[in-house]
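Engineer: Shown below is the structure under consideration.
The values are calculated or read from the model by the stated rules, or taken from the named source; none is laboratory data. Note that the structure is predicted; figures quoted are calculated from it, not measured. Ideal geometry is used to build each Cβ from the backbone, glycine not excepted, and the neighbour counts take in all protein chains shown. The accessibility values were calculated without ligands, DNA or RNA, using every heavy atom of the protein model including side chains. Shrake-Rupley method; radii C 1.70, N 1.55, O 1.52, S 1.80 Å.
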Amino acid sequence: MVARLEEQDAAWSNWFVQQEVEPICITYEALSDNPLVVSEVVLAALGLDPAIAKTATPRTAKLADSQSREWAERFREELINSISST
């Protein structure tokens, strides 16, 4: 699974280079911790008024339960295994 995610990440990176686009990298943690600040960054990058973000009300909540913790642990284990096997 880790190798597949790494391949997809590399494919996106290549696409951005080919399109001559500088992507905005947003982590899930940053978005879930402070969605309004991230919205301001995105709006500014699009050439729009970042103050618009202050009028928004986030309608989602951070998803964190035992299933997501188990998935994260599995991902970490697979990542460690893929690194140690190379």
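Engineer: Looking only at region 52-69, which residues are open to solvent by less than 50 Å² (accessible area, probe 1.4 Å) and either of a type in the set (S, T, N, Q) or modelled with pLDDT of 95 or more (or both)?
Structural biologist: S68
Engineer: Given the conditions (1) surrounded by 13 or more Cβ atoms within 10 Å (Cβ to Cβ); (2) closer than 23 Å to S68 by Cα; (3) free of Cβ contacts under 8 Å to residues at least 12 places away in the same chain, which single one is not true for V38?
Structural biologist: Evaluating V38 over (1) surrounded by 13 or more Cβ atoms within 10 Å (Cβ to Cβ); (2) closer than 23 Å to S68 by Cα; (3) free of Cβ contacts under 8 Å to residues at least 12 places away in the same chain leaves (3) as the failure.
Engineer: On to the next question. Would you confirm, using the coordinates I've provided, whether S82 is surrounded by 11 or more Cβ atoms within 10 Å (Cβ to Cβ) and at pLDDT below 85? I'd like the intermediate steps shown before the answer.
Structural biologist: Numbers: surrounded by 11 or more Cβ atoms within 10 Å (Cβ to Cβ): yes; at pLDDT below 85: yes.
Yes, satisfied.
Engineer: Could you check region 15-35 and list, in sequence order, the residues that are of a type in the set (A, V, I, L, M, F, W, C) and either out of contact with any Pro (no Cβ under 7 Å at 6 or more places or on another chain) or exposed (fewer than 11 other Cβ atoms within 10 Å of the Cβ) (or both)?
Structural biologist: Of region 15-35, the ones of a type in the set (A, V, I, L, M, F, W, C) are 15-17, 21, 24-26, 30-31.
Those that are of a type in the set (A, V, I, L, M, F, W, C) and either out of contact with any Pro (no Cβ under 7 Å at 6 or more places or on another chain) or exposed (fewer than 11 other Cβ atoms within 10 Å of the Cβ) (or both): W15, V17, V21, I24, C25, I26, A30, L31.
Engineer: Looking for something surrounded by 10 or more Cβ atoms within 10 Å (Cβ to Cβ), hydrophobic (A, V, I, L, M, F, W, C) and either at pLDDT below 90 or closer than 30 Å to I83 by Cβ (or both) - is there at least one such residue anywhere in region 41-51?
Structural biologist: Among the residues of region 41-51, not one is surrounded by 10 or more Cβ atoms within 10 Å (Cβ to Cβ), hydrophobic (A, V, I, L, M, F, W, C) and either at pLDDT below 90 or closer than 30 Å to I83 by Cβ (or both), which makes the answer no.
Engineer: Then there is this: Inspect all residues belonging to region 20-28 and state whether any of them is among the polar types (S, T, N, Q) and under 28 Å from A10 (Cβ atoms). Step through it out loud before you land on a result.
Structural biologist: Of all residues in region 20-28, those among the polar types (S, T, N, Q) come to 27.
With the extra rule that they be under 28 Å from A10 (Cβ atoms), the set shrinks to 27.
Yes: one or more hits.
Engineer: Same structure, new question: Take the conditions surrounded by 11 or more Cβ atoms within 10 Å (Cβ to Cβ) and at pLDDT 90 or above and apply them to E6. Does it pass? Please lay out each step first, then the result.
Structural biologist: Details: surrounded by 11 or more Cβ atoms within 10 Å (Cβ to Cβ): yes; at pLDDT 90 or above: yes.
Yes: the conditions hold for E6.
Engineer: Note down all Cβ pairs under 6 Å where the first residue falls in region 1-21 and is more than 14 Å from N81 (Cα to Cα), the second is assigned to a loop (DSSP other than H, G, I, E, B) and not aromatic (F, W, Y), and they're at least six residues apart or on different chains.
Structural biologist: Qualifying pairs under 6 Å: F16/P23.
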